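Here is the structure we will look at, set down as structure tokens.
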Amino acid sequence: MPQDREGRLAAAADSQLLELGQTHEVVAVGPGLGQSAVVTRLILALLSKITVPLVLDADGLNAVKRNMEVMVDRSAPTILTPHPGEFARLLGTDVATVQARRQDLAVRFAADHGVIMVLKEHGTLVTDGRRLFRNSTGNPGMATGGTGDVLTGLIAALIGQGLEAFAAAQLGVYLHGRAGDLARDDLGEISLIASDLLDYLPRAFRSRVTG
């Protein structure tokens, strides 16, 4: 797609992005995009014009932090997957406040903006403002660059296979953490990297957890 000198999407990518967004069943936006005024405009255009489910992470979240009203009027589900620092920026507060009130803030934000919130970290929360799921899988070895991108892709893939958005977010978070736990058991926490989660996803799908 057309790019600027820094390798970020250029304004000329607008029509191609919108066409792609309208001709697919789900769109994942954010990882690796970078930040610029043009990128922000492109992401806001996607949010306002496409009518398929959209999973928003990383620089996609940075683009909407001053334009959150664009999410309220969407006709299709919007899933946000911030870590506590990204959520703090969305709220205009600090990480300590987010950590002290994770559940309350996540539920309220989801209800106010009509989104599904996936607030990552230990005991990841998934809420649409009414329902609340607290995940039990995952480990500290997953706190490394790229693991959140795997989650974004996994949730989008599950939606693309026909799952309802909230169910896809729940299952995606669970399987993501389960793959991380299986990888930890074989490789150890310290050495885990994001691509290990991809390698262990097949086992996560097949596995049963007891106890």
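The values are calculated or read from the model by the stated rules, or taken from the named source; none is laboratory data. Predicted model, so just to flag it, every value in this text is computed and none were measured. As a convention, Cβ positions derive from the backbone with ideal geometry for all residues, glycine included, and neighbour counts pool all protein chains shown.
So here's what we get for this one:
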quantity: Filter pass, G85 being at pLDDT 95 or above and within 25 Å of G34 (Cβ to Cβ); calculated: yes
quantity: Scope the range 1-33; condition within 16 Å of the chain's Cα centre (by Cα) and surrounded by 12 or more Cβ atoms within 10 Å (Cβ to Cβ); matching residues; calculated: V26, V27, A28, V29, G30, P31, L33
quantity: Those strands (runs of 3 or more DSSP E) lying entirely in the range 103-211 with at least 3 residues within 23 Å of M68 (Cα to Cα); calculated: 116-119, 125-127
quantity: Residue within the range 122-140 that is among the acidic types (D, E) and closer than 23 Å to D59 by Cβ present; calculated: no
quantity: Counted residues, the range 159-211 - those being over 21 Å from G145 (Cβ atoms), of a type in the set (G, A, S) and either in contact with a Gly (Cβ under 6 Å, 6 or more places away or on another chain) or at pLDDT below 95 (or both); calculated: 2
quantity: Total residues in the range 2-36, condition out of contact with any strand residue (DSSP E or B) (no Cβ under 6 Å at 6 or more places or on another chain), among the hydrophobic types (A, V, I, L, M, F, W, C) and over 24 Å from H83 (Cβ atoms); calculated: 6
quantity: Condition check for A168: buried (at least 21 other Cβ atoms within 10 Å of the Cβ), over 15 Å from G141 (Cα atoms) and aliphatic (A, V, I, L, M); calculated: yes
quantity: Criterion (more than 30 Å from G123 (Cα to Cα) and either free of Cβ contacts under 8 Å to residues at least 60 places away in the same chain or assigned to a strand (DSSP E or B) (or both)) met by exactly one of E86, E6; calculated: E6
